[in-house]
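Undergrad: Quick one: the structure is below, questions incoming.
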Amino acid sequence: MAHHSASVHWQRNAQPFIDKRYSRRHEWRFDGGARVSASSSPHVVPVPLSDASGVDPEEAFIAALSSCHMLWFLDLAAQGGWVVNDYRDDALGVMARNAEGRMAMTVVTLRPAVSFGGSKQPDAAELQRLHHAAHEACFIANSVKTEVRCEPVTST
């Protein structure tokens, strides 16, 4: 069993608090040393109480799903002898009311565009198989109730 950690840190810094006019800006710290400026989404808490330049939890959720899928895809492609030159995903999440009536990320759509090198190029069916296998293996996708869609972008 693997354990993972992240540290989230926020300070009031003499701001008013009870009137809810405090900054939502905070920092994420990861065990490898990375520090990320974070905030609530400006769609949820208006600027200046949120910081639009910070990563919000909803964006991080989408990025975690996309990153996990990509890492599995790269591993599976390498195992299959496919040489991946470039992988880009312009993933999109939708925030809406779920079946229980609560606000949630109800759909995340991954839209990976992959280019391959070498003489061996996967056909459309093989590309779909690789993405399906990556989705099935993704730890993050296996951990959430949100419907996670994968719509690979192919060049024409």
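Undergrad: Go through the stretch 106-136 and count every residue that is among the small types (Gly, Ala, Ser) and either crowded, with 18+ Cβ neighbours inside 10 Å or outside the structural domain of Asn85 (by TED's automatic domain parsing) (or both).
TA: 1
Undergrad: Just need a number here: residues in the stretch 1-58 that are touching a residue at least 24 places away in the same chain (Cβ under 8 Å), among the small types (Gly, Ala, Ser) and touching a Gly at 6+ places or on another chain (Cβ under 7 Å).
TA: Counting residues in the stretch 1-58 that are touching a residue at least 24 places away in the same chain (Cβ under 8 Å), among the small types (Gly, Ala, Ser) and touching a Gly at 6+ places or on another chain (Cβ under 7 Å) gives 1.
Undergrad: Within the stretch 137-146, which residues are surrounded by 12 or more Cβ atoms within 10 Å (Cβ to Cβ) and either in contact with a strand residue (DSSP E or B) (Cβ under 6 Å, 6 or more places away or on another chain) or not in a helix (DSSP H, G or I) (or both)?
TA: Cys138, Phe139, Ile140, Ala141, Val144, Thr146
Undergrad: Another question, then. If you check Ala125, Ala134, which single one turns out to be of a type in the set (Gly, Ala, Ser), touching a helix residue (DSSP H, G or I) at 6+ places or on another chain (Cβ under 9 Å), in a helix (DSSP H, G or I) and more than 15 Å from Gly81 (Cα to Cα)?
TA: Sole residue among the options that is of a type in the set (Gly, Ala, Ser), touching a helix residue (DSSP H, G or I) at 6+ places or on another chain (Cβ under 9 Å), in a helix (DSSP H, G or I) and more than 15 Å from Gly81 (Cα to Cα): Ala134.
Undergrad: Restricting attention to the stretch 3-42, which residues are exposed (fewer than 10 other Cβ atoms within 10 Å of the Cβ) and closer than 17 Å to Ala64 by Cα?
TA: Matches in the stretch 3-42: His3, His4, Ser5, Gly32, Ala34.
Undergrad: Okay, next question. Pick from the stretch 147-156 the residues that are assigned to a loop (DSSP other than H, G, I, E, B) and not β-branched (Val, Ile, Thr): which of them is farthest from Met95 (Cα to Cα)?
TA: That would be Ser155.
Each row is one residue, and each column tells you yes or no for (1) under 28 Å from Arg35 (Cα atoms); (2) touching a residue at least 60 places away in the same chain (Cβ under 8 Å).
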| position | (1), (2) |
| --- | --- |
| Ser66 | yes, no |
| Trp72 | yes, yes |
| Trp82 | no, no |
| Asp89 | yes, no |
| Gly93 | yes, no |
| Asn98 | no, no |
| Leu110 | yes, no |
| Ser115 | no, no |
| Ala124 | no, no |
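The values are calculated or read from the model by the stated rules, or taken from the named source; none is laboratory data. All values derive from a computational prediction rather than experimental measurement. Positions of Cβ are backbone-derived with ideal geometry, glycine not excepted, and every protein chain shown enters the neighbour counts.
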